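**Q** Next up is a structure, given as structure tokens.
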Amino acid sequence: MSRIEEKFLETFGEEPDLVAAAPGRVNLIGEHIDYSDGFVLPFAIKDRTLVAARKRSDSTVRIASAQRRNKVVTVDINQVKPGLKGEWERYALGVLWSLGVKDGVDLMIDGHVPLGAGLSSSAALECSVATAMNHLFDLGFNLEELARLTQKAENQYVGVPCGIMDQSVSLMATQGSALLLDCRDLSTKNIPFDVASSGLELLIIDTQAHHALTDGGYAERRASCESAVAKLGITSLRELTIEKLQESSALLTETEFIRVRHAVTEMKRVLDCVDALSASDFEKVGQLINQSHASLRDDYTVSCPELDTAVDAALAAGALGSRMVGGGFGGSAIALIQASKTTETIKAIEKAFSQKGFKAPRFFTSLPSQGAELLSRR
Ligand code: GLA
């Protein structure tokens, strides 16, 4: 019996019907443009969240998590609606609600995606629960539908105005590839991402910084993009080119202009990065990653001193490229480095953090891994 099956048995007194899993993510490039219908290029990391589930014959939902000492939260499925108060379990309950689950169920969660590191532990939780429910109740949703429904759970039930990138990659990623996702129609293309055979490594640096700005700052960036779209009379920023933006600059406030400039240039960088990857031109990939960071720092203003320090120290230690990933204001950065320089780079970043009096960062590496899957079924 696996660890999660044992925990399920220990907590609920019976064996689960099935076990599903979904990973966290890092984003190679394409930041803060999923909600503007852009292209993004994330990949799934090896760390994932597991969920074991069992159908019940009544309307009770019981949820426990190995990370919360298996404490059981109990609620009637008929009460599961936006507005119901709760803690971490809202991410799981929101998915039951958005998928339209009407029956009772027991759920045991075991999460291995680092929490609060900007690696989408919340999407991993949502997508593991969605995958489990889709199989357990034969709901028949395809991956695009599951991505939209898990995003709906986070937007409407948990109340976080996120885009569609994290849930999509957690559900759709393929081992060995980054996922080129068109956020306009959720079409995808696997882009082989094999840095190891070129002697490189993608280092993930968790700055351990969490700035309070996160929620308001994210919503404020989205709002600037939406007001610009309205003023320009277009459907989304995807329709703009940098030339058209320059011509229409008088219609926008200065803040809207720089936010939109980030979005338009970032969309192009994603496609350029796909070309560079297919040519194994990692110098170019590094340059694009650096430009992305500068744009997020200067035009989108979602970086923070810890992220900038990580990026600057990685570059000073010889990284080909480095940038913040995810929503920003803390969380993680990535650095594309020579594999032989991993220890040296880590030391350089640690030194820079300690000199500035920041909390020590954490480091991870991960190859592109598989998206959500059913692991076992009785
Ligand atoms: C967070 C959101 C995503 C995306 C990124 C920024 O991770 O959940 O939808 O907007 O920020 O690219």
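The values are calculated or read from the model by the stated rules, or taken from the named source; none is laboratory data. Given the structure is predicted, the values throughout are model-derived calculations rather than measurements. Here Cβ is always computed from backbone atoms with ideal geometry, including for glycine, and neighbour counts include all displayed protein chains. Each accessible area value is taken on the protein alone, full model and side chains, heavy atoms only, with ligands, DNA and RNA left out. Shrake-Rupley method; radii C 1.70, N 1.55, O 1.52, S 1.80 Å.
**Q** Condition first: within 30 Å of S224 (Cα to Cα) and assigned to a strand (DSSP E or B). Can you find one or more residues in region 44-63 that meet it? Outline the logic, then answer.
**A** Within region 44-63, the first condition is being within 30 Å of S224 (Cα to Cα), and the residues that meet it are 44.
Still in the list and also assigned to a strand (DSSP E or B): 44.
Yes, region 44-63 contains at least one residue that is within 30 Å of S224 (Cα to Cα) and assigned to a strand (DSSP E or B).
**Q** Anything in region 356-370 that is among the aromatic types (F, W, Y) and either in a loop (DSSP other than H, G, I, E, B) or open to solvent by 60 Å² or more (accessible area, probe 1.4 Å) (or both)? List them, or say none.
**A** Answer for region 356-370, where residues must be among the aromatic types (F, W, Y) and either in a loop (DSSP other than H, G, I, E, B) or open to solvent by 60 Å² or more (accessible area, probe 1.4 Å) (or both): just F358.
**Q** On to the next question. Which one of T150, T174, T131 is at pLDDT 95 or above, out of contact with any strand residue (DSSP E or B) (no Cβ under 7 Å at 6 or more places or on another chain) and of a type in the set (S, T, Y)? Spell out how you get there, then give the answer.
**A** On the way: T174 fails: out of contact with any strand residue (DSSP E or B) (no Cβ under 7 Å at 6 or more places or on another chain); T131 fails: out of contact with any strand residue (DSSP E or B) (no Cβ under 7 Å at 6 or more places or on another chain).
Exactly one residue qualifies, and that residue is T150.
**Q** Of the residues that make up region 238-250, is at least one in contact with an Asp or Glu (Cβ under 9 Å, 6 or more places away or on another chain) and either assigned by TED's automatic domain parsing to the domain that holds F39 or in contact (Cβ under 8 Å) with a residue 12 or more places away in the chain (or both)?
**A** Yes; the residues of region 238-250 include at least one that is in contact with an Asp or Glu (Cβ under 9 Å, 6 or more places away or on another chain) and either assigned by TED's automatic domain parsing to the domain that holds F39 or in contact (Cβ under 8 Å) with a residue 12 or more places away in the chain (or both).
**Q** For A316, state whether it is farther than 26 Å from R48 by Cα, open to solvent by 30 Å² or more (accessible area, probe 1.4 Å) and of a type in the set (G, A, S).
**A** Judged against the criteria, A316 is a match.
**Q** Answer with yes or no whether G326 is in a strand (DSSP E or B) and within 16 Å of the ligand (Cβ to nearest atom).
**A** It is false that G326 is in a strand (DSSP E or B) and within 16 Å of the ligand (Cβ to nearest atom).
**Q** Here's a follow-up. In the list G140, G86, which residue meets the criterion of being away from the ligand (no atom under 15 Å from the Cβ), outside any strand (DSSP E or B), open to solvent by 40 Å² or more (accessible area, probe 1.4 Å) and among the small types (G, A, S)?
**A** Going through G140, G86 in turn, just one is away from the ligand (no atom under 15 Å from the Cβ), outside any strand (DSSP E or B), open to solvent by 40 Å² or more (accessible area, probe 1.4 Å) and among the small types (G, A, S): G140.
**Q** Shifting gears a bit: Could you grab the pairs with beta carbons closer than 8 Å, sequence gap of 6+ or different chains, first residue in region 85-97 and of a type in the set (K, R), second one open to solvent by 50 Å² or more (accessible area, probe 1.4 Å)?
**A** Close Cβ pairs (under 8 Å, with a partner that is open to solvent by 50 Å² or more (accessible area, probe 1.4 Å)) amount to R90/L84.
**Q** To continue, here is another question. Could you grab me the full set of residues in region 175-192 that are closer than 23 Å to G118 by Cβ and touching a Gly at 6+ places or on another chain (Cβ under 7 Å)?
**A** Across region 175-192, the qualifying residue is only C183.
**Q** Additional query: Give T188, T174 a once-over and let me know the one that is away from the ligand (no atom under 13 Å from the Cβ), surrounded by fewer than 23 Cβ atoms within 10 Å (Cβ to Cβ), part of a loop (DSSP other than H, G, I, E, B) and hydroxyl-bearing (S, T, Y).
**A** T174
**Q** Please verify whether V80 is in contact with a Leu (Cβ under 8 Å, 6 or more places away or on another chain) and within 18 Å of G371 (Cα to Cα), treating the condition exactly as stated.
**A** no
**Q** Let me confirm something: among G217, G163, which residue is surrounded by 15 or more Cβ atoms within 10 Å (Cβ to Cβ), modelled with pLDDT under 95 and within 13 Å of the ligand (Cβ to nearest atom)?
**A** G217
**Q** Name the one entry in E373, E344 that is touching a residue at least 24 places away in the same chain (Cβ under 8 Å), open to solvent by 20 Å² or more (accessible area, probe 1.4 Å) and assigned by TED's automatic domain parsing to the domain that holds G176.
**A** Among E373, E344, only E373 is touching a residue at least 24 places away in the same chain (Cβ under 8 Å), open to solvent by 20 Å² or more (accessible area, probe 1.4 Å) and assigned by TED's automatic domain parsing to the domain that holds G176.
**Q** Please go through region 30-51 and pick out each residue that is farther than 18 Å from D272 by Cβ and open to solvent by less than 10 Å² (accessible area, probe 1.4 Å).
**A** Within region 30-51, A44, I45, T49, V51 qualify.
**Q** Which one is farthest from the ligand (Cβ to nearest atom), of the residues in region 5-36 that are over 25 Å from L50 (Cβ atoms) and of a type in the set (V, I, T)?
**A** Across region 5-36, the extreme among qualifying residues is I29.
**Q** Okay, next question. Step by step: first the residues of region 91-104, then only those that are surrounded by fewer than 23 Cβ atoms within 10 Å (Cβ to Cβ) and of a type outside the set (G, A, S), then the one that is nearest to S59 (Cα to Cα). Which residue is that?
**A** Looking at the filtered set, the residue picked out is D103.
**Q** Listed residues V80, V129; which is buried (at least 20 other Cβ atoms within 10 Å of the Cβ), over 29 Å from A209 (Cα atoms) and either away from the ligand (no atom under 16 Å from the Cβ) or β-branched (V, I, T) (or both)?
**A** V80
**Q** Does region 194-207 include one or more residues that are surrounded by 23 or more Cβ atoms within 10 Å (Cβ to Cβ), among the hydroxyl-bearing types (S, T, Y) and in the same structural domain as R56 (by TED's automatic domain parsing)?
**A** No: zero hits.
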